[in-house]
């Protein structure tokens with residue numbers, strides 16, 4: 001008990017200090033490298049884990065389950081807060097179609113390859129959900145330093161990346177309900193469990209709205225959000241589910257029904273990075289060696305890269321059919337970076353696949369490789385140093401609202 005308490009306090013210190021160092025590097029020194037930052041926190045976790053100084057207990061993800069559940073709920077909340085229906089309604093229909101089709105096609109390709117590689121059905125679905133996720137964080141970081149060669153291509157990549165999170169969470173949530181059904185009360189079937197997650201999120205979303213009505217202070221909003229996510233995480237843990245889907249449902253309610261959504265967004269963002277850093281440190285501390293499931297690594301790196309390249313061809317053709325010339329044949333590779341949601345799905349997967357397995361280590365390595373490779377492609381092809389602003393193409397979604 002004492003060691004678990006000390007590990008919790010150390011994790012809080014790492015999360016707060018890491019967030020402050022990251023903020024100092026970005027605001028004062030202008031240094032921004034999401035891939036390097038994530039790798040640094042993973043290495044810190046390895047150093048503090050059983051393979052390093054042994055500060056964290058061996059089963060750290062289980063010992064600090066409360067932090068894991070809260071972090072997953074917060075990641076789901078942030079995904080839901082991006083689903084502003086008022087903004088999405090102003091998108092063109094083909095933006096909707098391509099933004100949801102590309103992640104689903106990538107996920108289907110990865111699931112098929114994983115099945116051919118002999119992985120079990122739960123592993124295939126989990127890898128498909130992780131592969132669907134693309135993060136626009138690296139793209140946004142580069143966009144702050146230099147202009148893209150084609151702004152239409154940049155906008156479409158940001159659009160697809162923003163829309164990829166919700167279908168990935170839904171696919172993972174449905175699969176998780178099927179896996180969890182045998183381990184909970186026998187009167188609950190998998191479809192009832194699948195309903196419980198979103199229903200819980202909707203109820204808590206409206207409860208948070210009621211409690212924050214008339215509140216404008218940052219501390220008050222953050223306190224209510226934190227309390228609501230803690231309740232949601234605890235209820236999801238009792239059901240045997242991760243709070244990702246429930247948190248996303250709560251976020252959708254809050255962003256679309258709140259009177260002052262920008263204040264709630266600011267409050268939610270203030271705690272996002274410390275929780276993500278805590279999860280990164282925990283994942284690193286759970287590292288159990290260099291034993292990798294090679295089939296999972298190949299599927300998440302090589303097969304996903306090929307699937308994204310094919311999806312990029314589709315994206316270019318659909319855009320050209322609507323009068324938007326992208327000028328980047330391999331534009332799908334700009335979706336390689338994955339971000340915190342993929343990390344959250346990996347952590348949620350540890351309830352069914354232990355961190356000591358080679359699959360866990362393979363996914364960690366794949367996320368790092370995809371992040372580094374994706375940022376390299378974006379810097380070389382979409383944001384070359386010597387480039388100037390790209391031409392404004394007819395029908396370009398430059399003026400379109402972004403989700």
| Given the structure, is residue 376 surrounded by fewer than 21 Cβ atoms within 10 Å (Cβ to Cβ) and either touching a strand residue (DSSP E or B) at 6+ places or on another chain (Cβ under 6 Å) or within 24 Å of residue 316 (Cα to Cα) (or both)? | yes
| query | Say we look at the range 174-188 and pick out the residues that are assigned to a loop (DSSP other than H, G, I, E, B) and exposed (fewer than 13 other Cβ atoms within 10 Å of the Cβ); which of these is modelled with the highest pLDDT? | reply | 187
| task | Could you tell me whether the range 26-48 includes any residue that is at pLDDT 85 or above, in a loop (DSSP other than H, G, I, E, B) and surrounded by 16 or more Cβ atoms within 10 Å (Cβ to Cβ)? | result | no
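Listed here are the residues, each with its yes/no results for (1) surrounded by fewer than 20 Cβ atoms within 10 Å (Cβ to Cβ); (2) assigned to a loop (DSSP other than H, G, I, E, B).
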residue	(1), (2)
90	yes, yes
101	yes, no
111	no, no
118	yes, yes
123	no, no
135	no, yes
154	no, no
159	no, no
| note | Checked 240, 214, 227 against criteria (at positive phi and out of contact with any helix residue (DSSP H, G or I) (no Cβ under 7 Å at 6 or more places or on another chain)); the one match is 214
| message | Just to check your reading of the model, which residue among 279, 314, 292 is assigned to a helix (DSSP H, G or I), within 18 Å of residue 346 (Cα to Cα) and modelled with pLDDT under 95? | response | 279
| field | Output for the range 208-225, where each listed residue is buried (at least 16 other Cβ atoms within 10 Å of the Cβ) and under 16 Å from residue 73 (Cβ atoms) | value | 208, 222, 224, 225
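The values are calculated or read from the model by the stated rules, or taken from the named source; none is laboratory data. As the structure is a prediction and not an experimental result, all values here were calculated from the model. FYI the Cβ positions are ideal-geometry reconstructions off the backbone, even for glycines, and counts take in every protein chain you see.
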